[in-house]
Amino acid sequence: QVQLVESGGGLVQAGGSLRLSCAASGRTFSSYAMGWFRQAPGKEREFVAAINWSGGNTYYADSVKGRFTISRDNAKNTVYLQMNSLKPEDTAVYYCAGGWGNVIYHTRGYDSWGQGTQVTVSS
């Protein structure tokens, strides 16, 4: 497992941008697939984006494809989520997660989770 700490959330107007960061500690980070999930009030946690251990493969939910970009820097033990053209429906707590990459799109594929960072998009 790795320890994960998210940052970069905040309040932004619709159409704006934010970049989330997730700093990891632990020796397995560079071997882990990393994902971003989000959870809005009263809703289940949902997949947003993921990246494999090398950064060579990325995966996105249809709702964010073309607007969000996931990337990682293994030298810095950090994964990022660049969010552009934000919409009010993107409002949620965003969680960083790490796992072995067997299941990319579901929470059960990840065994390490951050505490979450709030993203609020105003209309």
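The values are calculated or read from the model by the stated rules, or taken from the named source; none is laboratory data. No experiment lies behind these values; they were computed from the predicted model shown. All Cβ positions, glycine included, derive from the backbone under ideal geometry; neighbour counts span all protein chains shown. Just so you know, the surface numbers come from the protein's heavy atoms only, side chains and all, with ligands and any DNA or RNA stripped out. Shrake-Rupley method; radii C 1.70, N 1.55, O 1.52, S 1.80 Å.
Test of understanding: what is the full-extension gain from residue 1 to residue 40, defined as 0.36 nm times their sequence separation minus their Cα-Cα distance?
Stretched out fully, the residue 1 to residue 40 stretch lengthens by 11.5 nm.
Find which of 63, 25, 50 sits farthest along the positive direction of the dipole of the chain, computed with +1 on the beta-carbon of Lys and Arg, -1 on that of Asp and Glu, about the Cα centre.
25
Roughly speaking, to the nearest percent, how much of the range 17-81's 1.4 Å accessible area is carbon and sulfur?
Roughly 44 percent, rounded to a whole number.
HN-Hα J couplings of the range 40-50 from phi, Karplus 6.51/-1.76/1.60, θ = phi - 60°, integer Hz, Gly and Pro as x?
8, x, x, 10, 6, 5, 10, 5, 10, 7, 8
Taking amide H positions as placed 1.01 Å from N in the peptide plane, with prolines and chain starts having none, which residues 5 or more places from residue 10, or on another chain, fall under 5 Å of its amide H?
Under 5 Å from the amide H of residue 10 lie the amide H atoms of 119, 120, each far enough along the sequence or on another chain.
Let me have the relative contact order for the chain, percent, based on Cα pairs under 8 Å that are six or more residues apart.
Relative contact order of the chain: 36 percent.
Through the Karplus equation 6.51 cos²θ - 1.76 cosθ + 1.60, θ set to phi - 60°, convert the phi angles of the range 103-109 into ³J(HN,Hα) values in whole Hz; use x for Gly and Pro.
Using θ = phi - 60°, the values come out as 10, 7, 9, 10, 4, 5, x Hz.
Could you rank the peptides 49-58, 33-42 by their average count of other C-beta atoms within 10 Å per residue, with the highest value first?
33-42, 49-58
Label points 7 Å out from Cα along the Cβ direction at residue 108 and residue 14: separation in nm?
3.7
Which residues' amide hydrogens lie under 5 Å from the amide hydrogen of residue 101, considering only partners 5 or more residues apart or on another chain, with H built in the peptide plane?
Distant-sequence amide H within range of residue 101: 33.
Residue-wise, which Karplus ³J(HN,Hα) couplings in Hz belong to the range 7-12, taking 6.51 cos²θ - 1.76 cosθ + 1.60, θ = phi - 60°, and x for glycine or proline?
8, x, x, x, 9, 9
Whole number in Å², please: accessible area per residue of the range 26-123, 1.4 Å probe, ligands, DNA and RNA not counted.
Accessible surface, normalised per residue, equals 50 Å².
So how much slack lies between residue 120 and residue 84, counting 0.36 nm per residue of separation and subtracting their Cα-Cα distance, in nm?
11.6 nm
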